[in-house]
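First the structure, in the form of C-alpha cells, and then the observations on it.
The values are calculated or read from the model by the stated rules, or taken from the named source; none is laboratory data. Here the structure is a predicted model, which is why all the values come from computation and not from measurement. Cβ sites come from the backbone with ideal geometry, for glycine too, and all protein chains shown count toward neighbours.
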Amino acid sequence: MGQLGWYQFWDSTSRPVSDLQTFEAASRGLSGAVRLLLSRHTLESLHITLGCMLYIGTLYLGPSMQNAIVFNYTEVSEPETPEYRDPSINRLPFVDGFDLHPPSDVVIMDNDDIKADQRMEASLYSAWMFSMNTQKSKGSPEFNMLNSMPFQCSGESCEWNNYTTLTVQSQCQSVPATVDSTGHGYSEKANISSSVYHATSHNTSAPVGTILNFEPSQTVPENSTFESSIADHLAVIIHVAAISVDSSHRAEAAECILYWEVQHFPTLSSPRLPATLAAEPPERILPKTEKATTGDEIIFEAPCNSDSKLGTCDYKVNRVSSQELQHPLGKFLEGYVLLDPKNDTHFKAFGKVTDIFARSWIEKRIGETENSLETTLDEYMSNLATGITVHLLHTAKQSLMGKATWHKGMYEIKWLYVIYPGTMVALSSYLFLFAMWKTRRMPIWKTSLLPFLYHGFQHLAHEEGCNLSHLAWMENASKNRMVALRDEHDGLGLKLRD
C-alpha cells in the first residue's frame, strides 16, 4: 500500500501533499485505513482501498482462527483387520455344544456312583441363593445372562456382532390344585401331592401333609401344561412341580421346566463400567424336530458366530450329558417343608433348596401376593437357568472377537471458518504481487524513511558518488552520517542538522 501510494504520484500531474499523507497513513495502520475509506480518495486506487479493507479485516482473523480449530472427544475404534487384533482382548465366550466332562483328571463320584461336577453344583447353589443374598442391594441389576456373562473389553466400550450361544432357559406355569377330604393337596396337571412319606421316631415312615413340596422329574408329565407347548421334549432338562397348602386348606400348585435353547443376538454392546451387556431381545431358537429326535445329540441350527462366515451352524447337546445333568438337578430340587404342630409360625424344611425357597415364598404369601408360589418359583428357576448358562460360558473354550471403542480428544478443523483467513491470505498475496509488478520500473522502494531523511537534512549530500535516487546508496551512507534534531532559530525550524 505504501509503494502504491508513491506510485499514484509518480510521473503524474501535481497533486496536494495531503493526498500523499493520506495514502501513507493508510499503509501504516488501522486508523489511517479507516480514514481513507471515509474520504474522497476511496475510489482513486481500488488496490489501496482493497488494502484498507484487508487491514480492517485482520481484526476478525484471531477469533476466526480460534473457531477454525476445535477440540472434540470422538469415538475411535480399533482396526478391523484380524492381524491387528489381540486374541486376549475384546472376547465374548459362547457355547456351541454341551458335553459334560469332569473338570480335571481327578474324577469324583457321588454316593450314587454318578460323576459329579463340583463347579456346576456350586453354580446351582449360588444361583438359587441369589434372591436371598443380603449383599444384593435394592435396585441392583437382576440376575440374568446379559448382566452376568463373562467378557473382556479393552476399550471404553465394545461391540460384538452376530453372537449366538447355547443357553438354559426356564418356564413356569400356575396349575389347578385341589384339597381332598384328608386335607392333602393334589394337582393332576403337575402330577404332585402335598402328602409325603416322612420318617417317624419309630424308624418307620408315614404319610404326612406338607405346607410346601417339591418334586423334580426327568420327564414332562402327560397331563402337564407343557406337554403341547414344547415341540421337542428331548430339549427339556428337568421338570419341577411344587404344591403348597395353607392353614385354610387352600392349595396352590405350579410347575416349571428347564430346557435347552439357542439365542442369537445381532448386536451386543458393553461399556467398561458397569460390566454388563446391552442388547435387543434375542432370537430364540428351539431344536429342529427332525434332527433332535434321532441320534446321540440334540441339534440346533442357528447363525454362526462370525462376522465373515454366513449361513447357519450346528449347536449340539449330547443326550447322555444332558441326562447326567438331570441327576444333580434332581437331587438339588428335592425337598419339602412341614409345619410345627405346636407353633404355626415355626417350620421345618427338609432340603437346603426348600429351606432357602420357603423364606421368600412365605414373605410373598404374607404380603398376599396372588399366585405367590408360582411367582416365587419362577424367580428362583430363572436364576437357576441363568446360573447354569453363566457356568457354561465361564468354562467355554471358544469366544467371539469384538470391536473396542475409545473416546479420545482430537483436534477438528471447521472448514467454514478457514474460508475467511484463506480469502485474506489470497487477497493479501494478490495485492503484494500486484504492487511488485506495478512498481517494478520505479527507481526506489519508497516505503523506506531514508528518502524523507536525505531530502530533509540541513546540508544535502554532495559527496562523490552520491545518488539520492538509489536506496542502496542511502542505506550505506546513513551509517556514517551524524545528525541531531534541533532548531537553530534560523527560520527553518526543527531539522536534522549536522
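Hand me the list of strands (runs of 3 or more DSSP E) wholly inside region 316-424 holding 2 or more residues that are under 39 Å from the mean Cα position of the chain (by Cα) and buried (at least 17 other Cβ atoms within 10 Å of the Cβ).
On the way: elements: 335-339, 347-350, 398-401, 403-413.
In region 316-424, the matching strands (runs of 3 or more DSSP E) lie at 398-401, 403-413.
Across region 13-35, the qualifying residues are those that are hydroxyl-bearing (Ser, Thr, Tyr) and over 18 Å from residue 434 (Cβ atoms), and the one among them that is modelled with the highest pLDDT is 31. Determine, yes or no, whether residue 38 is loosely packed, with under 14 Cβ neighbours inside 10 Å and modelled with pLDDT of 80 or more. Yes; evaluated as a whole, the condition is true for this residue.
Tell me which residues, restricted to region 211-231, are at pLDDT 85 or above, part of a loop (DSSP other than H, G, I, E, B), of a type outside the set (Phe, Trp, Tyr) and touching a helix residue (DSSP H, G or I) at 6+ places or on another chain (Cβ under 9 Å).
Answer for region 211-231, where residues must be at pLDDT 85 or above, part of a loop (DSSP other than H, G, I, E, B), of a type outside the set (Phe, Trp, Tyr) and touching a helix residue (DSSP H, G or I) at 6+ places or on another chain (Cβ under 9 Å): 211, 218, 219, 220.
Is it fair to say residue 117 is at pLDDT below 80 and exposed (fewer than 13 other Cβ atoms within 10 Å of the Cβ)? Spell out the reasoning first.
Details: at pLDDT below 80: yes; exposed (fewer than 13 other Cβ atoms within 10 Å of the Cβ): no.
So residue 117 fails the test.
Filtered by the rule that a residue be in contact with an Asp or Glu (Cβ under 7 Å, 6 or more places away or on another chain) and not hydrophobic (A, V, I, L, M, F, W, C), region 383-419 gives 398, 402, 403, 405, 407.
Based on what the data block shows, is residue 243 closer than 30 Å to residue 321 by Cβ, in the same structural domain as residue 384 (by TED's automatic domain parsing), surrounded by 20 or more Cβ atoms within 10 Å (Cβ to Cβ) and modelled with pLDDT of 90 or more? Taking the combined requirement at face value, the residue does not satisfy it.
Yes/no per residue for (1) in a strand (DSSP E or B); (2) within 22 Å of residue 354 (Cβ to Cβ); (3) assigned by TED's automatic domain parsing to the domain that holds residue 375:
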{"position": "160", "(1), (2), (3)": "yes, no, yes"}
{"position": "163", "(1), (2), (3)": "yes, no, yes"}
{"position": "166", "(1), (2), (3)": "yes, no, yes"}
{"position": "174", "(1), (2), (3)": "yes, yes, yes"}
{"position": "183", "(1), (2), (3)": "no, yes, yes"}
{"position": "186", "(1), (2), (3)": "yes, yes, yes"}
{"position": "198", "(1), (2), (3)": "yes, yes, yes"}
{"position": "206", "(1), (2), (3)": "yes, yes, yes"}
